[in-house]
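No value in this document is a laboratory result; all are computed from the given coordinates. Quick caveat, the model's predicted, so the values are computed rather than measured. Cβ placement follows ideal geometry from the backbone for every residue including glycine, while neighbour counts extend to all protein chains displayed.
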Amino acid sequence: MRHHNQNRKFGRTRDGRKALLRSLSRSFFLHGEIKTTEAKAKEIRPFVEKLISKARKDSLHVRRTIVSRIRDEKVAKNLISSIAPRFASRPGGYTRIVKLGRRKGDASKMAIIQLVD
């Protein structure tokens with residue numbers, strides 16, 4: 001039975017999934033939106049939204065926590081200084097997933113995950 005096993009595995013080990021989340025979230029915070037598969041977009045959404053919620057209350061502990069999750073100080077600084085203040089009055093729902101068609105090569109469902117403005 002798969003009770004409480006809600007995360008997608010993507011055919012990777014635990015460390016590979018963590019690296020995938022970090023890489024996708026790093027690209028997301030740098031560009032504001034990324035085009036990826038629908039499953040990956042749905043998987044990084046809670047990860048990214050929790051980081052934005054943390055970044056809203058700027059403190060040393062929050063900065064260190066974000067850097068430990070993303071592993072990139074430049075992206076963490078960008079998140080805290082420019083992205084989080086835009087959502088200061090918003091209680092949640094910082095991202096949107098726009099579903100696209102299927103990819104030509106393997107017919108994977110594609111989506112764009114982007115910041116809500």
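Multiplying the sequence separation of Arg96 and Ser108 by 0.36 nm and subtracting their Cα-Cα distance, what value in nm do you get?
Values: separation 12, 0.36 × 12 = 4.32 nm, distance 1.92 nm.
Difference between extended and current length: 2.4 nm.
For n ≥ 4 DSSP H runs only, could you compute -39500 (n - 2.57) per run for the chain, divide by its residues and tell me the 222 nm figure to the nearest 500?
On the way: 4 runs with 54 residues, N = 117.
Rounded to the nearest 500, it is -15000 deg cm²/dmol.
If r is the Cβ-Cβ distance from Lys42 to Arg64 and R0 is 30 Å, what FRET efficiency results, to the nearest 0.05?
Values: r = 28 Å, r/R0 = 0.93.
E(calc), rounded to 0.05, equals 0.60.
Might you report the magnitude of the Cβ-based charge dipole of region 57-117 about its Cα centre, with Lys and Arg at +1 and Asp and Glu at -1, to the nearest 20 debye?
Details: 15 positive and 5 negative charges, 43 e Å.
Here the size comes out at about 200 debye.
In the chain, which whole DSSP H runs stretch at least 18 Å along their own axis (Cα) and average -1.0 or higher on the Kyte-Doolittle scale?
Working: long enough: 14-31 (26 Å, -0.49); 38-56 (27 Å, -0.65).
Span-like helices here: 14-31, 38-56.
At a threshold of 8 angstrom on Cα-Cα distance, excluding pairs fewer than six apart, so keeping six or more, what relative contact order does the chain reach in percent? Write down the numbers at each step before the final one.
On the way: 130 pairs, mean separation 35.8, N = 117.
Relative contact order here is 31 percent.
At 7 Å along the Cα-to-beta-carbon direction for both His3 and Glu73, put a label point, then send me their distance in nm to one decimal.
Placing both labels 7 Å along Cα→Cβ, they lie 4.6 nm apart.
Quickly work out the Arg17-to-Ser53 label distance, labels modelled 7 Å from Cα along the C-beta direction, and quote it in nm with one decimal.
2.0 nm
Arrange Val116, Val48 by Cβ neighbour counts within 10 Å, fewest through most, would you?
Numbers: Val116 10, Val48 22.
The most exposed by this proxy come first: Val116, Val48.
Hey, can you rank 51-61, 87-97, 34-44 by average C-beta count inside 10 Å, highest first? Mind showing how you got there, number by number?
Working: 51-61: 15.5, 87-97: 12.7, 34-44: 18.3.
Descending mean neighbour count gives 34-44, 51-61, 87-97.
Among [x] 2, 10, 20, 20, 15, 11, 8, 6, 5, 2, 1, 0; [y] 2, 12, 24, 28, 23, 10, 1; [z] 2, 11, 21, 22, 20, 13, 8, 3, 1, 0, find the value of P(r) over Cα pairs in 5 Å bins from 0, in percent that was calculated from the structure presented, and write down its label.
This structure yields the entry labelled [z].
Taking +1 at the Cβ of each Lys and Arg and -1 at the Cβ of each Asp and Glu, which of Ser89, Leu79, Ser27 sits farthest along the dipole of the chain towards its positive end, judged by Cα position relative to the Cα centre?
Ser27
Based on the mean of other beta carbon atoms within 10 Å per residue, what is the order of 6-14, 21-29, most packed first?
On the way: 6-14: 10.3, 21-29: 19.2.
Listed from highest to lowest mean packing, they are 21-29, 6-14.
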